[in-house]
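The values are calculated or read from the model by the stated rules, or taken from the named source; none is laboratory data. Keep in mind that this is a model prediction, so the values were computed, not measured. Reconstructed Cβ throughout: ideal geometry from the backbone, glycine too, with neighbour counts over all protein chains shown.
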Amino acid sequence: MQHDLFGPAAPPPHAAYCAPPKADFLEKHRFSLRFDQAIVAFIGLLMVYVLVFSYGVEKGKRFAVAELKAERAKRESMAQEFRQKLYEKDGAPTSPAAQTPAAQEDRPDSEPAAGDLPRGMYTIQVITFKSPSAAAREIGRYAEKGRRGFVIPSGSFHQVCIDRYETREKANQVLKELKGEGLAPHDAYVRPMPQ
């Protein structure tokens, strides 16, 4: 009834100057995620994480291997320089080509000829080296003391032995003498000759 009397309601006079209320971002854009979609999204993110982690681990392994190789090469070059200085200091020849025939006979890569050493069933093993040059130096040291040494190769190791003996008793007697003179370490022992 009032509508009939007064006509349509006029907007308030200040309405022309007021901006319409703005809608919120969330009201404009609704985002809903069902449970199964959330699980698929979680699995996808987990797979991405695992792949990135695996890539990082593999990259780290490659880096570590490269560092290890570089460190080994550095140590080998340092050892080579040290050996070179030792050879120069001792006055020994520095290259195998420059070695005298006597020094070449002491090289551990070759087995002594059957006529070089007395025949025997036993020998005294004094020390084992990985380096053939170290074994050759040790044989030279024993040669200076009047003992005949040779090398028995065993895989990547070079076992330095002294003389050959017919009986174990004779070898034990010489071993005691060597230990008494300080030429043999405390763990040197008598062993049978390899067949």
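Can you pull out every residue in segment 121-140 that is over 25 Å from the mean Cα position of the chain (by Cα) and farther than 18 Å from residue 187 by Cα? Selection gives 121, 136, 137, 140. Report, ordered by the first and then the second residue, all pairs with beta carbons closer than 6 Å, sequence separation of six or more or different chains, a first member in segment 135-163 that is farther than 19 Å from residue 177 by Cα and in contact (Cβ under 8 Å) with a residue 60 or more places away in the chain, and a second member that is acidic (Asp, Glu) and part of a loop (DSSP other than H, G, I, E, B). That search, which allows pairs on different chains as well, returns nothing. Only residues that are farther than 12 Å from residue 190 by Cα and in contact with a Pro (Cβ under 6 Å, 6 or more places away or on another chain) were counted across segment 153-175, and they come to 1. Contact annotation: no residue pair with Cβ atoms under 6 Å, 6 or more positions apart or on different chains, pairs a residue in segment 52-79 that is within 30 Å of residue 133 (Cβ to Cβ) with a partner that is basic (Lys, Arg).
In this structure, is residue 134 within 29 Å of residue 80 (Cα to Cα) and part of a helix (DSSP H, G or I)? Explain how you work it out, then say what you get.
Details: within 29 Å of residue 80 (Cα to Cα): yes; part of a helix (DSSP H, G or I): yes.
Yes; evaluated as a whole, the condition is true for this residue.
Across segment 83-90, not a single residue is classified as at pLDDT 80 or above, out of contact with any Phe, Trp or Tyr (no Cβ under 8 Å at 6 or more places or on another chain), of a type in the set (Phe, Trp, Tyr) and surrounded by 10 or more Cβ atoms within 10 Å (Cβ to Cβ). Within segment 160-188, the set of residues being touching a strand residue (DSSP E or B) at 6+ places or on another chain (Cβ under 6 Å) and within 16 Å of residue 120 (Cβ to Cβ) comprises 161, 162, 164, 165, 168, 171, 172, 175. Residues in segment 144-179 that are among the small types (Gly, Ala, Ser) and modelled with pLDDT of 90 or more: 171 only.
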